[in-house]
2 protein chains.
Amino acid sequence: MSRSIRGWVGGGVAIAGVLAFTLWNVAQPSAVIAADKPADKPVVEFSDDGKMKQPTGYRKWPFVGTPVTPNDMNGGDAPFPEFHIVYMDPDSFVHYEKTGEYRDGTVLVKELTSVGTKEATSGKGYFMGEYIGLEVSMKDAKRFKDEPGNWAYFSFGHKYPLKETATTAATASCNACHQANAKQDYVFTQYYPVLRAAAPKK
Amino acid sequence: MSRSIRGWVGGGVAIAGVLAFTLWNVAQPSAVIAADKPADKPVVEFSDDGKMKQPTGYRKWPFVGTPVTPNDMNGGDAPFPEFHIVYMDPDSFVHYEKTGEYRDGTVLVKELTSVGTKEATSGKGYFMGEYIGLEVSMKDAKRFKDEPGNWAYFSFGHKYPLKETATTAATASCNACHQANAKQDYVFTQYYPVLRAAAPKK
C-alpha cells in the first residue's frame, strides 16, 4: 500500500485541498476519510478484461462484523475458514448511515483469518491467528447489470499468496445463496450489529 | 454522536483547513481521519473527578481484532461475553504503523456483542447478535503514572444501558492479567493480526 501512496503524495497539498472540500461536504452527519485514497480514485479497480484487482487500504475501512465458522465446527474443512472480518468502503458506510441502504457502488471486503488458539486468560473461545484469505462483493448496476441485485462476488483465494486479480464468481456459487438467505439486499445484515446500529432509526 | 457533530460543524470550513494541513502531515505513509473528531478534541474525555466518559465515534476507528469467548464455552457465564470487537484510535494506529509501538495516549476500545446464532448458510460457528458491553483501555504516562506500564482499564458495563462514566479499574482486576499475559506492552497483540501486519517489517 505504501508504494502507491508515495506515488501521489507529491501532489499532497492539492489533494488535501480536495479532501478539505470533501470533508466539508460529508462532515454532516459523520464520515471516515481514508487519507490514502485520493478523492477521484475508485474504491476498487478492474483490469481491462474485467477482472477485479486486489483491493488495498480496506483495513482502515469501517468494520461491520466478524462471524467465525471454524474448521473444527465444520468437519475440519469450513467453507469460509475461519474468522471473517467484514469491512465496508467508507463512502458507502456514510450513505448507509443516512439511508440504511446499500448504495450503488458499495464494496464489502471479507478478509479471512485462521483460528490461532482456543484458550486465553479471557476465557475459552476462538482467537484470531493469521490472514488466510480474501473475498469481495460489489454492487454495481452498470458493471454487473446481469447479476441478480447487481451484486457480484470475487475470491482472491483461501490461502496465501492471494491472487492479484479475481474473476466474477458464477452466479450460482455466491449470489444465489446471498439472494436466498441475506436479510437485506444480498447482505447478511442480520449478523452485522454495526450496520444495524448505524442505520437511521425508523 | 451526531449531536456533538452538529455542535462544531458550523465551523466546518476552518476545521477543514486544519484537517487539510493534518492530512498533508500524516499522508505518509497512510492514515485514517475520523472526520467527526475535530483536530483538537481529545480521543476520550474525563470528568472533573477523573472518571472516563463513554467514548464516541470509535466504530469508525481502525479495527484490530475480534476474539469470541462464548458463554457456552465458559460454563454459561463468560468473563467477557461474547464477541469482543477491538478498535484503536486512528492517530495511535498511524503511530503503530510507523513504529510497531503503542504510543503514549493510545486508546483501545473493546465493544462486546452477544452470540446471535450458531448456524448460517456459511457454516456452523458463532455469529454476532446485539451489543451488550463496552470496555476501554488507555496508556497515559501522566494520568496513569502509578499504573504498571501506565495502562488503565475502564468498564462501562456488560449490559445495556451502559454507564455514562467509568472509574479506573483496580490494578489487580485488569492490569495484572494484561501485564502477565499480553505479548506486547500490556496489549494482546498476539490475537490481533491487523496490528501484526500493520507494524513495520523488521
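We did not get these values from a lab; they are worked out from the coordinates using the rules stated. Keep in mind the model is a prediction, meaning the values are calculated, not measured. Note that each Cβ is placed from the backbone with ideal geometry, even for glycine, and that neighbours are counted across all protein chains shown.
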For this session: Please report how far the C-alpha centroid of segment A:117-152 lies from that of segment B:45-100, rounded to the nearest whole angstrom.
Result: 21 Å
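Report, as an integer, the average count of C-beta atoms from other chains found within 10 Å of each Cβ along B:183-191. Kindly include the intermediate steps, with their values, before the conclusion.
Details: counts 0, 0, 0, 0, 0, 4, 0, 6, 8.
Mean number of neighbouring Cβ atoms from other chains: 2.
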Exercise. Beyond 12 Å, what percent of the Cα pairs of segment B:52-91 remain?
Worked result: 64 percent
Exercise. Say a label goes 7 Å from Cα toward Cβ at B:Lys202 in every copy; what distances in nm does this one have to the rest, shortest first?
Worked result: 5.3
For this session: Would you list which aspartates and glutamates come within 12 Å of B:Lys142, measuring only between C-alpha atoms, while excluding same-chain residues fewer than 8 positions from it?
Result: B:Asp104
For this session: Using the 7 Å Cα-to-Cβ label point, sort the distances from A:Lys142 to its equivalents in the other copies shortest first and give them in nm to one decimal.
Result: 5.2
For this session: Please say if segment B:98-202 is rounded, prolate or oblate, where rounded means a/c under 1.5 for a ≥ b ≥ c the square roots of the C-alpha gyration tensor eigenvalues, and otherwise the choice is prolate for a/b larger than b/c and oblate otherwise?
Result: oblate
For this session: Output ³J(HN,Hα) for segment A:58-72: one whole-Hz value per residue in order, computed from phi by the Karplus curve 6.51 cos²θ - 1.76 cosθ + 1.60 with θ = phi - 60°, and x for Gly and Pro.
Result: 5, 6, 10, 6, x, 7, 10, x, 9, x, 10, 10, x, 4, 6
Exercise. Which aspartates and glutamates have a Cα lying under 19 Å from the Cα of A:Lys201, excluding residues fewer than 8 positions away in the same chain?
Worked result: A:Glu97, A:Glu101, A:Asp185, B:Glu130
For this session: Taking a cut-off of 23 Å between Cα atoms, list the lysines near A:Lys118, but don't count ones fewer than 8 places away on the same chain.
Result: A:Lys110, A:Lys159, B:Lys110, B:Lys118, B:Lys124, B:Lys183
Problem set entry | segment A:41-198, relative contact order [Cα under 8 Å, separation at least 6], % | 19 percent
